[in-house]
Amino acid sequence: MTTTTACRSCGSSDRRVVLSFGDTPLSDVLLTAEQLQVPEARYPLELMVCEDCALVQLRDSVDPVVLYGGHYPYYSSVSPGLVAHFEACAEQLRIARGLGPDSLVVEAASNDGVLLRPFADAGIPVLGIDPAHGPAAAAEAAGVPTMVDYFGLPVAERLAAAGRRADLLLGANVLNLVDDPNDFAAATARLLTDDGVAVLEVPYVADTVDQGAFDNVFHQNVTYWSATSAADLFARHGLALVDAERIETFGGSLRLSIARHGVVSPRLDALLGDERARGVDTFDYFAGFAARTAATREALVDLLRSARANGARIAAYGAAGGMATTLLSYAGIDSALIDYAVDRNPHKHGWFTAGSHLEIHPPDRLVDDPPDLLLLCAWNYEREVLAQQHAFRAAGGRVVVPIPHPRIV
């Protein structure tokens, strides 16, 4: 673990603490039954904001080998909603950019290749770059060539030297994961063709704060971006943020378009103006986040404890992801309140969640052994999960949605 002393983007030492969770377990690190018997590693989780460039970031960084090595269980293709989102994005970009057999589409942190597959199916050359062996192997099996590596300037230099510069560089939920955003921006500048474009999706920090989505803070999410802070980063590397589209993924995200030159789109201009008007580039905007987070935690724990005291059996849905780990750890929710966890991802079945030590089962367990309440840790997929669990709800099961305010549906 490394503790930073300056802003990851602009290098300023003028940072202030927004919210501290103390020491928490790592998300997406699953445990075997044997590992439950030994002390579990925990790491500091403290959120700060830079008062010079407005970048929100963690104070501490965990070694990427610890975060993404071993049994890394996150596969994008498990979520039908994400698959549909990426397919629509790929089709839109293919048409808008006029991509064809002479183009090259590169994706940083390509996971199991779900975003690149539509381009490959259309006969467009693609290359994925991802450090996690399991998802990379799944991408290769699906016909998406993938380098097992971290996207950064050394990789970009090798590809550019080999004549493989990108007409389109993609990154879905990756800029927020890199510990050195300047290296990422420099790599982007090196890899893009002269008229190439990078399209990056990142969770939008304003949506995180406005919704009180404190569970979006976890060790993999090192940085939390606004249009203001993203524009500052890429300008430092000779690139321009030319567009920003608000999208629904991960509880509210931005789709950023970056190029060597171009005119700022009207919606980006409006978004930058809105951020200035609301003070998203100031500490005051974040000042109440900690108090609202504590209030949400207390309300959720009270709800679950009351239900438990009245004899309710409670299960958790999606309890092994990044957001779920922070939610359960910060609220102190474990097997004393939750009977078991379920998840659609087969790579998680039979393992135990970090911190809360809940055994993970397929969603069929909800039919075979129905609880009274289902805590929806993956609340940002509420519509998708409620549709999937129609039978559970029709049989009288109720779902607890924890964010932004705990409620039962």
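The values are calculated or read from the model by the stated rules, or taken from the named source; none is laboratory data. For clarity, every value in this text was computed on a predicted model and none was experimentally measured. When we count neighbours, we look across all protein chains shown, and the Cβ atoms used for this are built from the backbone with ideal geometry, even at glycine.
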Val178 passes all but one of the listed conditions (1) within 23 Å of Ala235 (Cβ to Cβ); (2) at pLDDT 95 or above; the exception is number (2)
Which residues, counting only those in the range 278-319, are in contact with a Leu (Cβ under 6 Å, 6 or more places away or on another chain) and within 30 Å of Val367 (Cβ to Cβ)? Leu304, Ala307, Arg308, Ala312, Ile314, Ala315, Ala316, Tyr317, Ala319
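Results for (1) under 17 Å from the mean Cα position of the chain (by Cα); (2) within 26 Å of His219 (Cβ to Cβ); (3) of a type in the set (Asp, Glu), shown as yes or no for each residue.
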| site | (1), (2), (3) |
| --- | --- |
| Leu31 | no, yes, no |
| Ala41 | no, yes, no |
| Cys53 | no, yes, no |
| Val56 | yes, yes, no |
| Asp63 | no, yes, yes |
| Tyr75 | yes, yes, no |
| Leu82 | yes, yes, no |
| Pro101 | no, no, no |
| Ala122 | no, no, no |
From the list Ile333, Ile338, which one is crowded, with 24+ Cβ neighbours inside 10 Å, within 22 Å of Gly212 (Cα to Cα), out of contact with any Pro (no Cβ under 6 Å at 6 or more places or on another chain) and β-branched (Val, Ile, Thr)? Ile333
Can you tell me which of Ala213, Ala235 is among the hydrophobic types (A, V, I, L, M, F, W, C) and without any contact (Cβ under 8 Å) to a residue 40 or more places away in the chain? Ala235
Hey, can you tell me all the residues within the range 58-91 that are surrounded by 21 or more Cβ atoms within 10 Å (Cβ to Cβ) and over 25 Å from Tyr224 (Cβ atoms)? Ala90
Of all the helices (runs of 4 or more DSSP H) wholly in the range 266-331, which have at least 2 residues that are without any contact (Cβ under 8 Å) to a residue 12 or more places away in the chain and under 21 Å from Ser20 (Cβ atoms)? 289-309
Out of (1) closer than 30 Å to His357 by Cα; (2) without any contact (Cβ under 8 Å) to a residue 12 or more places away in the chain, the odd one out for Ala6 is which? (1)
Can you run down the residue pairs with Cβ atoms below 8 Å, 6 or more apart or on separate chains, where the first is in the range 57-72 and part of a loop (DSSP other than H, G, I, E, B) and the partner is surrounded by 15 or more Cβ atoms within 10 Å (Cβ to Cβ) and modelled with pLDDT under 80? Tyr72/Asp28
Consider Val209 carefully, then state whether it is hydrophobic (A, V, I, L, M, F, W, C), in contact with a helix residue (DSSP H, G or I) (Cβ under 6 Å, 6 or more places away or on another chain), at pLDDT below 95 and assigned by TED's automatic domain parsing to the domain that holds Phe250. no
Only unsatisfied item for Phe283, checking (1) under 22 Å from the mean Cα position of the chain (by Cα); (2) over 20 Å from Asp215 (Cβ atoms); (3) buried (at least 17 other Cβ atoms within 10 Å of the Cβ), is (1)
Exactly one of Val105, Val18, Val38 is farther than 24 Å from Pro135 by Cβ, touching a residue at least 60 places away in the same chain (Cβ under 8 Å) and either surrounded by fewer than 18 Cβ atoms within 10 Å (Cβ to Cβ) or not assigned by TED's automatic domain parsing to the domain that holds Pro363 (or both), and that residue is Val18
Restricting to the range 160-173, what's the tally of residues that are crowded, with 20+ Cβ neighbours inside 10 Å, among the aliphatic types (A, V, I, L, M) and more than 22 Å from Gln220 (Cβ to Cβ)? 2
Counted residues, the range 295-325 - those being at pLDDT 95 or above and out of contact with any strand residue (DSSP E or B) (no Cβ under 6 Å at 6 or more places or on another chain): 17
Which residues, counting only those in the range 180-194, are out of contact with any strand residue (DSSP E or B) (no Cβ under 7 Å at 6 or more places or on another chain) and within 19 Å of Asn221 (Cβ to Cβ)? Asp180, Asn182, Asp183, Phe184, Ala185
Residues in the range 209-252 that are of a type in the set (Val, Ile, Thr) and under 12 Å from the mean Cα position of the chain (by Cα) total 4
